[in-house]
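Rule-based calculations on the coordinates, nothing more; no lab input. Bear in mind that the values here come from a model prediction, so they are computed numbers and not experimental data. Every residue, glycine among them, receives a Cβ derived from its backbone with ideal geometry; neighbour counts consider all protein chains shown.
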Amino acid sequence: MELNYLLIDALIIIFPLLLSFKWKFQYIRFLKPLLASIAIVGTGYIIWDMLVTYRGDWSFNKAYLSGIEIVNLPLEEILFFVTVPYACIFIFENLMYFIKDKEIWYNKNFYLGLSVIFAALGLIFYHQEYTILAMFSVSFFFLISALFFEEVLKSRLFWAYLFLSFIPFLIFNYLLTSIPIVTYNSAAIWNIRITTIPLEDFFYNFSMLSFYLLVYRYYRTRWGFDEPKISSSAKSKQR
């Protein structure tokens, strides 16, 4: 079977989807805050995607697509903004289930400083359209998190979630950029790549995954979803 974008979307979500109903916990019971996060954050990133695709910052190889488009984006690209958060939030819920969260070092000024640094980088490279948006997205995340959602930055599980989520990111983004299914306009990026992945993609992915979790955690708490109960066998494994 030829590897195409639709198959990659399926591979991203297949295991979390199969385990949604029967696992150590029922992931499906968190569907409401998950859908809220996908709708809010996904919509923002889809609009971004439409903009940069229209501008020509990146494009899609039609040989690996179904041919179905929504506005100027292939269906597979739209599905990407559903499959990725579904799979990555599943990683977070597993961390919540098996590992007790812990508050880590936090300094508001440090993160506000990071926000300023990334905003400055965006301005310095304003002529590179993808670079400026990637830098601004990270800057915006650090800004609103430090001002309004500092509990996210204080959470050990937040950083563990990002670290673990970057593992499948490296695999699937490598497939997308090496086949290649997605190609980039060299004028819109630094042209620094990790294997075949543009450096900007790492910042893009950081902000996207962070915003997905931030909104998810907000609604998970607001709508009264309790912490998943750890079974006695799971507890014994942690000791």
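Which one, (1) 50, 39, 31; (2) 46, 42, 31; (3) 54, 49, 31, gives Cα extents along the principal axes in Å as derived from the coordinates shown?
Given (1) 50, 39, 31; (2) 46, 42, 31; (3) 54, 49, 31, the structure-derived one carries the label (3).
Taking the Cα centroid of the stretch 120-137 and of the stretch 197-216, what is the distance between the two, rounded to the nearest whole Å?
About 15 Å separates the Cα centre of the stretch 120-137 from the one of the stretch 197-216.
Compute the helix-to-body angle for 156-178: its Cα long axis versus the longest principal axis of the chain, expressed 0 to 90° and rounded to tens.
Helix 156-178 sits at roughly 30 degrees to that axis.
Please state the relative contact order of the chain as a whole percent: Cα pairs under 8 Å, 6+ residues apart?
Relative contact order of the chain: 28 percent.
Of the listed peptides 130-139, 26-35, what is their order by residue-averaged count of other C-beta atoms within 10 Å, with the highest listed first?
In decreasing order of mean packing, 130-139, 26-35 become 130-139, 26-35.
By how many degrees, between 0 and 90 and to the nearest 10, does the Cα long axis of helix 199-222 differ from the longest principal axis of the chain?
Computed tilt is about 40 degrees.
Which of the listed residues, 115, 72, 165, is farthest toward the dipole's positive end in the chain, when Lys, Arg count +1 and Asp, Glu count -1 at the beta-carbon?
About the Cα centre, the residue reaching furthest to the positive side is 165.
Distance check, please: which entries in 32/62; 24/102; 24/100 exceed 24 angstrom between their Cα atoms?
32/62
Specify the residue with the greatest mean-square fluctuation among 177, 221, 53, computed from a Gaussian network of the chain linking alpha-carbon atoms under 10 Å apart.
With Cα springs under 10 Å in the chain, the top fluctuation among 177, 221, 53 is at 221.
Ignoring everything except DSSP H segments at least 4 long, calculate the 222 nm mean residue ellipticity for the chain; use -39,500 (n - 2.57) per segment, divide by total residues, nearest 500.
Computed ellipticity for the chain at 222 nm equals -22500 deg cm²/dmol.
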